[in-house]
Structures are given as structure tokens and as C-alpha cells.
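What follows is one structure encoded as C-alpha cells, with my remarks underneath.
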Amino acid sequence: MKTHDEERVKELLRQALEPGEGSPEPSHDLWPAVLKRLDERHVQVPWFDWALLAGLVGLAAFFPASIPVFLYYL
Amino acid sequence: MNTHKHLRAYLAGIFLPTLVLPLLLIFVVVRLAYHVPIPVEQMLIFPMAVVPLLWGLWNMLWLCSYPHLHQPIGLHGAVLPLLLMPMGATLASSLGVFAIGSHGVVWFGLCFVPYTLIAPMFLAALAGYYLVWKYVVGFLNRVLGIA
């Protein structure tokens, strides 16, 4: 009787977890999508950050004595 | 990659300041080789001992506080000079590498900074820290899997 119950449970599980129809392979090549996703992760530098960098370079150029002071804090 | 997150945050934080250390070593070699009368040893205590430690701890603090505050790492890093600059100036003053004059301050006995330039330099430090933390430390945090 116990064995019969186990068989019944196995059968129910098989029915509940039927494999999907069709091929297990994806329908198309996923690699281009991966490459596109990686490209999207490239850093986009906003104009504000470029302006800050330009200000820093300008300060260092017009006032070189500030460079060792900045290095002291880095 | 979910283990030792704080250790990875510390390592990501100290990465850039420790890269600067070999550059500072050049000053030591030049001083010893050419007997340059600049107190390089006193100058190096702060950037070699204090700055990397604080950067690492600051990045750990960002990691701990981010789930609650969601603060951008650039802004978090831009706050660090508010802590570092008074500490650095105090230490430099006590070691004799920073002197306050009537028209400005003198760093390392060589670099005269007039008072009118202190505020722009402070803002520049905030901007520099913002950029470095946003792009360098942020990148390292992503590489090490903590951001």
C-alpha cells in the first residue's frame, strides 16, 4: 500500500512538472544581446563633470603651487 | 562574492591613495640624493599614513550607510575633504610644514597660497574628490562586486 502511494505521488509530480514543449535551446542567438547590454554599461560622463574637470585643470594650470597641496590630500 | 564585503570596500577605498605613494617616494629620493632642504619626511606622514586609512574607512562607511541613505558615491566622497583638510592642516602645522602668514599660508616652506585662493582651492578639492570617488572608487566598487 505504501509503495502504491509513493508511485502515485511520483506520477502526480511528473504531471505537475511536465517538461516544456519545444527545444530547450533559445530561439535565437543571445550573445548580441549580451554585447549590447555591456555597451550600455559604458560610463556616460555628464557635462557637469566635464566642467568640474576643466575647472580643476584650469586651477592647476594657472596656479601650479596648488598641485603639491592637492597631492598632500590624496 | 557576498563574503567580506567590508574588507573589499576598504581595499577599493585605499587603492588610489596608495598608488600616489610611489610618486611621493620620488620626493624622498630627491631629498636624500640632492640634500634638498625641504622637510619631505614630515610632509609624507599625512598622505602615507592617514589618507589611505581614511579613504578605506570612508568607503566602508558608504557601504554600510547606502542601504539606508542611498547617497551617490560621488557626493559621499566629496564630503571627505571636510574631514581631511582640517586634519591635514592641523598635522602639517604641528610638524612645521604649514605656516600662517599675514597675506596667506605657506605650504612646505615653498608654496605660498594667498587667502583669496583658499576658498577656490577648497571648492576645487571638493570637486576633485567628487570626480575621483564617482569614477575611480565607484568603478572599483563595481569591479569588486560591492556596488
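Observations on the structure shown:
- Just one of the listed residues (B:Ala99, B:Ala78) is touching a helix residue (DSSP H, G or I) at 6+ places or on another chain (Cβ under 8 Å), closer than 23 Å to B:Pro39 by Cα and of a type in the set (A, V, I, L, M, F, W, C), namely B:Ala99.
- Only residues that are surrounded by fewer than 16 Cβ atoms within 10 Å (Cβ to Cβ) and hydrophobic (A, V, I, L, M, F, W, C) were counted in the stretch B:39-49, giving 2.
- Note on the stretch B:89-127: among residues that are touching a residue at least 40 places away in the same chain (Cβ under 8 Å) and either polar (S, T, N, Q) or buried (at least 16 other Cβ atoms within 10 Å of the Cβ) (or both), the one that is nearest to the other protein chains (Cβ to nearest Cβ) is B:Ala127.
- Test result for B:Leu7, farther than 19 Å from A:Leu71 by Cβ, more than 12 Å from chain A (Cβ to nearest Cβ) and among the hydrophobic types (A, V, I, L, M, F, W, C): yes
- Residue count, the stretch B:22-41 (criterion: within 16 Å of the chain's Cα centre (by Cα) and modelled with pLDDT under 80): 2
The values are calculated or read from the model by the stated rules, or taken from the named source; none is laboratory data. From a predicted model like this one, the values you see are computed outputs, not experimental measurements. FYI the Cβ positions are ideal-geometry reconstructions off the backbone, even for glycines, and counts take in every protein chain you see.
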